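See below for the structure under consideration.
The values are calculated or read from the model by the stated rules, or taken from the named source; none is laboratory data. In this text, all values refer to a predicted model and were calculated from it rather than measured experimentally. Cβ atoms come from the backbone with ideal geometry, glycine included; neighbour counts cover every protein chain shown.
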Amino acid sequence: MGWTRRLFLTTAGLAGAGLVVGGGVLAVRQRRLLAFRPPLAASQHAFSPWLKIGADGSVVLMGARAEMGQGVLAMMAMVVAEELGADYPAMRFEDPPVANVYRNVVATVLGLPIQVPEEGILRDTVEVAALQAGLQITGGSTSTRDAWHQLRAVGAGAREVLKAAAAKRWGVAAGACDTEGSMVVHAPSGRRMGFGEVAADAAALEWPERFAYRDPKTWRYLGKSPARLDVPGKVDGSARFGIDVRLPGLRYAAIRHAPQFGARVQSVAEKAGFRAKGVEGQVNLGNAVAVVADSWWTAKQALEQLDIRFAGGSEVSDAQIFAAYAKALDEPGRAHAFEKAARLAEAKSAATKKHAAEFRVPYLAHACMEPMNATARLTEGRLEVWCGNQAPNLVRDLCAKACGLAADRVAVHTTLLGGGFGRRADLDYAVQASRIAAAFPSRPVQLIWSREEDISQDVYRPSALARYEAGLHADGSVAFWHARSAHSSPGRGFAQRNIPYMANDLPDHTAVEAAAGLPYALGERQVEYARVDAPVPVGFWRSVNNSQNGFFAECFVDELAGVAGKDPFEFRRALLKDAPRHRAVLEKAAQMSGWGRDAPGRHKGIALVASFGSIVAEVVEISGPPAADLRIERAWVAADCGLALDPRNVAAQLRSGAIYGLSAALWGGIGIDKGRVQQSNFHDYRVLALADAPPIEVALVSQGSPMGGVGEIGVPPSMPALANAVSRATGKRVRALPILAG
Amino acid sequence: MLIELTVNGARHSVDVPEDKPLLWVLREELALTGAKYGCGIGACGACTVLIGGEVVRSCSVAAKEVAGRPIRTIENFDNRHPVQKAWVEQQVPQCGYCQPGFVLAATAVLEKNPKATEAELVAALTNLCRCGSYDAIRAAIRQLAESKHKGA
């Protein structure tokens, strides 16, 4: 249950009245936040921090979430427009300033290293604190969940004051009025008045304590998937990403990082050709050197004319890292049990059949289409930063610190993101741009990482080693399930780099997402994780730890089906006897795919992973091995994410996640040798192209579930589904990714 | 060196380093930011432009090599073009960074052969999209392929 809803209930309870079904009570939080005013142009009026209406009738949403492809701004506009009665296609977005009111409570709470109970005083306290000290982050597939109650209430509250203001002018009862097409209408008299005309009056009114939400049966936009507002600009080239920021006097910076993790710049010497026309200088950033010029290409060429010596740095290679994982799993008591079986040893000795497997996955890069970049300008003690980012308050705080400024001296302008996938929550590139700009006062400088830097200086999905063991009873049911994994902690890595005050050594429960709490009947179950810190930086990679754990668990359950002599779909289905929602999703995927009927030379694999509050099952069909080269022919995705506000976009996100995962499972691998990343560009970090990508059929399974996340949930099942198909085709179990070498 | 570029029908005199790629001249000198930097090695197609009807990856060609030739960028198209209409109707873009490149690549195929089939378009569109908008791209090119045949 989300924060706002609880406060609705609390408020309702305090007021001595129950919650009106289908209605809303203005939350305590909402009331407090109403006092905050977003920046207003002349003749604009604020209706909460999120919404402005102009005298010209324009309806502007403060788009305090990062649009990185997931359609979040359009979703937010639809939610507001629905309740407000605004003309959705005419709505506009503005990038708001960094402010506490825009913090993402759901994401902040889910990102904590402790599991906060769903209910109770601890939950409430943590959520209140999250609003004060949390992150204005777009991540963890939380935006829709965080926005649903807030923005719905914003739309409805604003609608009520607009109605009241118009009704007063007309001398009619507000209750007899409604809104549509950004107008207040009074049906009995046929009168209509544009929002712009009453905005000033309405903005001065107190918001009501309670109001009715529109009946979902009357929804015009929600559930109907109207055209996304951000699409036309993305087709005609007018959409502005961070790399497209253009300012008077703009300079460009190219950068070279120390190739080895942890190495530092020892010396920088300019060769004879360095000071070419347009080159303005170089900046030593400690672990990297940047060159500033009047053109990025010139700056990049000039980098080659620097003799940079790096010193120190890690000599680590994959073999050593995996040896450290193995050692951590070998050492008794080293791993932390997040799920602990009461009678594991007994169950192990009682099982009639036992099975064990060891799995490994490599580091993965994000490879956003738009390489990391940021633009900054430091003028008279004021810093401005323009970039695509997933956490503007961190941009502000980290760049302020880097430049020795108070946070209130920094303005952040968040642009569209050419992909995020978690990478743009880590803000090294923005900090670098600020430091470079500080060396060229009053000059805007745009730092662009080359693709090679982008691939080799990422914060990676951790590589991981897992050992799974399970046993079966004579009747084929599972007697025990013992899962153990070792890898670095993306959450801890992120915290150390970006919010060091939150970094800690508590057991990281997110490390066992999609490993612990599985919906299957698995008998005595124990799930352990050993954190192994390696010199390779790790961070949030789309679906985070679900991406490796989903692979381990779903490949292993597939193996177990084989041991039991059962069909992998039927075996899972039987294990889901106490999880009807999961079972329904699994059955839908199997049914769509025609499970059990394979054309000659075709092979299917199935997998089910619940993540971010949603349930997803995928089937992948391949052709090729062992007779020919592997080809992914088709895929089917069934998902239950609760209420889908924009079903077409939900389907697009599910396909997107599946393609992202399939790219990784087929080819994705970042290798580490002597502290250096071995890959550099799309030729050796290959991703699916149109001709490689399977057509994907999507079905949403609606069964009244709570709203879950969407942006990441398609990723985790895609990898084991592909691996299970390949295992079936070749008769040899896939236990390591990627399946093919680039 | 001083070169003359003809972009979207307009002539521009630009003073650029000898081997500066067309992409960076478009983006920095001419403020035409629709062509994107994605890889710098001609592998991803985000920087696609059309030169004399051919698809060119502008990150990998020196501006001086194409001086005087008719260059078209995404800014030459205003969403009334059939390819763009199909892209909007099928709601193709997600992050959108790669899409101008896809639109131009599809446009080039159809200009050469208005009856190009879906399979021919799929084969020609070697651009990369990390958001995995491929099903929507397929829907858009299917729509284009079918409308061409209907019109024939």
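Some notes on this structure:
- Any hit, region A:696-711, residues being within 8 Å of chain B (Cβ to nearest Cβ) and out of contact with any Phe, Trp or Tyr (no Cβ under 8 Å at 6 or more places or on another chain): no
Table: residues versus (1) assigned by TED's automatic domain parsing to the domain that holds A:Val538; (2) closer than 29 Å to A:Pro500 by Cβ; (3) more than 29 Å from the chain's Cα centre (by Cα).
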position	(1), (2), (3)
A:Lys340	yes, no, yes
A:Thr352	yes, no, yes
A:Ala376	no, yes, no
A:Arg382	no, yes, yes
A:Pro392	no, yes, no
A:Lys401	no, yes, no
A:Leu405	no, yes, yes
A:Thr415	no, yes, no
A:Ala425	no, yes, no
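- Count of residues meeting criterion [of a type in the set (Lys, Arg) and either facing chain B (nearest Cβ under 7 Å) or under 26 Å from B:Phe77 (Cα atoms) (or both)] in region A:221-231: 1
- When A:Gly242 is tested against (1) surrounded by 22 or more Cβ atoms within 10 Å (Cβ to Cβ); (2) out of contact with any Ser or Thr (no Cβ under 8 Å at 6 or more places or on another chain); (3) in contact (Cβ under 8 Å) with a residue 12 or more places away in the chain, only condition (2) is not met.
Residue by residue, here is whether (1) on the phi > 0 side of the Ramachandran plot; (2) of a type outside the set (Lys, Arg); (3) touching a residue at least 40 places away in the same chain (Cβ under 8 Å); (4) buried (at least 21 other Cβ atoms within 10 Å of the Cβ) holds:
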position	(1), (2), (3), (4)
A:Ser48	yes, yes, yes, yes
A:Glu67	no, yes, yes, yes
A:Leu73	no, yes, yes, yes
A:Phe93	no, yes, yes, no
A:Ile114	no, yes, yes, no
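- Taken over region A:307-330, the criterion of being under 11 Å from A:Pro535 (Cβ atoms) and either charged (D, E, K, R) or in contact with a helix residue (DSSP H, G or I) (Cβ under 8 Å, 6 or more places away or on another chain) (or both) is satisfied by A:Glu315 alone.
Yes or no, residue by residue, for (1) crowded, with 21+ Cβ neighbours inside 10 Å; (2) closer than 22 Å to A:Asp56 by Cβ; (3) more than 14 Å from every other protein chain (Cβ to nearest Cβ); (4) within 24 Å of the chain's Cα centre (by Cα):
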site	(1), (2), (3), (4)
A:Leu131	no, no, yes, yes
A:His149	yes, no, yes, yes
A:Ala156	yes, no, yes, no
A:Arg192	no, yes, yes, no
A:Tyr213	no, no, yes, no
A:Trp219	no, no, yes, no
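- Meets criteria (closer than 28 Å to A:Gly418 by Cα and among the aromatic types (Phe, Trp, Tyr)) for A:Phe556: no
- A:Lys732 meets the conditions (1) basic (Lys, Arg); (2) in a loop (DSSP other than H, G, I, E, B); (3) in contact (Cβ under 8 Å) with a residue 60 or more places away in the chain in every case but one. The failed one is (3).
- Residues of region A:314-344 that are assigned to a helix (DSSP H, G or I), more than 30 Å from A:Gly523 (Cβ to Cβ) and acidic (Asp, Glu): A:Asp318 alone.
- For region B:15-30, the tally of residues that are at pLDDT 95 or above, over 20 Å from A:Val245 (Cα atoms) and within 8 Å of chain A (Cβ to nearest Cβ) stands at 1.
- Qualifying residue in region A:664-687 (condition: among the β-branched types (Val, Ile, Thr) and at the interface with chain B (Cβ under 9 Å from one of its Cβ atoms)): yes
- Scanning region A:699-725 for residues that are β-branched (Val, Ile, Thr) and crowded, with 24+ Cβ neighbours inside 10 Å turns up A:Val710, A:Ile713, A:Val715.
- Taking region A:363-463 as the region of interest, the helices (runs of 4 or more DSSP H) fully inside it that hold 1 or more residues being small (Gly, Ala, Ser), touching a His at 6+ places or on another chain (Cβ under 9 Å) and within 14 Å of chain B (Cβ to nearest Cβ) are A:451-456.
- Yes/no for A:Pro226 being in a loop (DSSP other than H, G, I, E, B), touching a helix residue (DSSP H, G or I) at 6+ places or on another chain (Cβ under 8 Å) and modelled with pLDDT under 95: no
- Residues of region A:146-170 classified as of a type in the set (A, V, I, L, M, F, W, C), at pLDDT below 95 and out of contact with any Phe, Trp or Tyr (no Cβ under 7 Å at 6 or more places or on another chain), total: 3
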